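These notes are about the structure you will find just below.
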Amino acid sequence: MFHRPLLGPLSRVLLSGVAPVALLLCALPAEAASALAAWRIARDGALELRTSPSITLTAFYEAGKGGVGPRIWIDLPGAPSRTRSIRGNGALKEIRIGKPDPNTTRLVLEFVPGTRLNPRNMRLVGTARDRWRLELEGLRSGSIASLGEGSLEAPTVAWSRPASTGPLPSVPRGRFTVVIDPGHGGPDPGAIGIGGLRETDVVLDISLQAARLLQSRGVRVVMTRTSEVDVDLPPRVSLANSSRAHAFVSIHANALSMARPDVNGIETFYFQSSLSKALASSVQREVVGVSPGSPNRGVKPGRFFVIRRTVMPAALVETGFLTGNLDSPRLATASHRSQLANAIARGILNYLGGG
Ligand code: ZN
């Protein structure tokens with residue numbers, strides 16, 4: 001039997017703005033010893049859990065085979081007062097609350113045979129001390145939105161490619177040019193994070209490594225800066241636009257406030273074009289893949305100058321929060337910056353290769 005932890009034990013991270021509408025809300029009896037207080041499938045298709053505070057839980061995935069669909073299950077401490085199963089609809093066949101042993105509650109999501117799920121694109125993230133969210137990324141949003149209304153379409157859903165860990169893909173040597181834009185520089189340090197960690201230093205290191213990796217795979221790379229110098233935004237765009245590049249990727253790190261170390265996560269921006277969105281999605285997927293536990297804040301439209309004024313497909317990736325208690329120590333670590341560089345290069349190569 002193939003199963004492995006999706007991510008666990010999981011860190012708890014507070015995220016703002018999680019206020020989905022409950023379509024299915026099943027409160028368990030308060031006296032239950034189970035740490036699972038309630039669960040629901042939100043309107044956007046994410047599974048949300050309310051639990052006892054500060055618990056550790058573990059999520060698993062099992063691929064479907066034969067006439068059995070894939071399953072996701074989450075084990076929580078404590079036993080439920082009773083076990084039960086609830087019929088799902090569409091791609092979601094059934095939800096079960098089980099007791100695999102006297103001290104465990106197991107919440108199982110069983111999908112219909114043939115549903116294609118990709119565990120590498122799912123992450124279970126703590127959104128508060130007692131809240132959890134499992135994003136079933138890749139399901140068409142329309143099909144998820146109707147969950148709970150009895151009209152979920154057949155599972156023809158196309159799941160995203162996995163974030164891979166093998167050797168970086170190659171592209172035909174000399175065919176592609178990519179602009180790497182390390183954010184900020186020189187007198188503009190960008191964001192300043194925990195322990196004085198400076199965005200400019202973090203993103204320059206990541207950018208230089210990503211550029212070398214891309215070059216090693218046959219890509220011609222143009223960098224908007226290679227040292228701690230100040231480059232204004234218009235020259236970055238002019239350089240990119242005159243380079244006949246096939247992709248532009250600006251590399252940044254986020255910051256919120258020193259008072260919000262609870263906010264962490266990865267996000268990638270694009271401006272309008274579907275190719276830019278594809279590039280952003282490809283980069284986001286890989287960066288999330290090397291940042292376990294850090295919330296996937298998604299691929300979003302953005303109006304940043306460098307992605308708005310460049311003429312080629314362009315994305316701006318925020319590799320984590322310098323002010324976040326999870327992201328910041330990682331961004332300060334050379335090995336993690338190397339992983340981020342590898343992930344960004346992989347995302348770009350997958351995009352160029354049509355992946
Ligand atoms: Zn920045």
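Read-outs: derived from the displayed coordinates by stated rules, not from any lab. This structure is a prediction, so every number in the text was calculated from the model and none was measured. So basically every Cβ, Gly included, is an ideal-geometry build from the backbone, and we count neighbours across all protein chains shown.
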- lysines whose Cα lies under 17 Å from that of Lys93, excluding same-chain neighbours fewer than 8 positions away: Lys65
- Item | Zone residues, the stretch 335-355, relative to Ser170, backbone N less than 11 Å from point 7 Å out along Cα-to-Cβ | none
- Return the Rg/Rh value of the stretch 48-103, two decimal places, where both radii are evaluated on C-alpha atoms and Rh is the Kirkwood radius. 0.98
- Message: Placing unit charges on C-beta atoms (Lys and Arg positive, Asp and Glu negative, everything else neutral), compute the dipole magnitude of the stretch 217-355 about its Cα centre in debye, rounded to 20.
- Response: 420 debye
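Ile194: net charge of surrounding residues, Cβ under 14 Å, Lys/Arg +1, Asp/Glu -1, itself excluded? Before the final figure, lay out each step's value.
Working: positive: Arg198, Arg260, Arg330; negative: Glu199, Asp201, Asp262, Asp327.
Within the 14 Å Cβ shell, the charges total -1.
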- Fully extended contour minus Cα-Cα distance, from Val229 to Val311, at 0.36 nm per residue: 27.1 nm
- Straight distance only, please: which aspartates and glutamates reach the Cα of Lys277 with their own Cα at less than 14 Å, same-chain residues fewer than 8 apart left out? Glu267
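Work out the FRET efficiency for Asn103 and Lys65 from their Cβ-Cβ distance, taking R0 = 22 Å, and round it to the nearest 0.05.
Working: r = 30 Å, r/R0 = 1.35.
Efficiency, rounded to the nearest 0.05: 0.15.
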- Cα pair count fraction exceeding 23 Å, expressed as % - the stretch 177-352: 31 percent
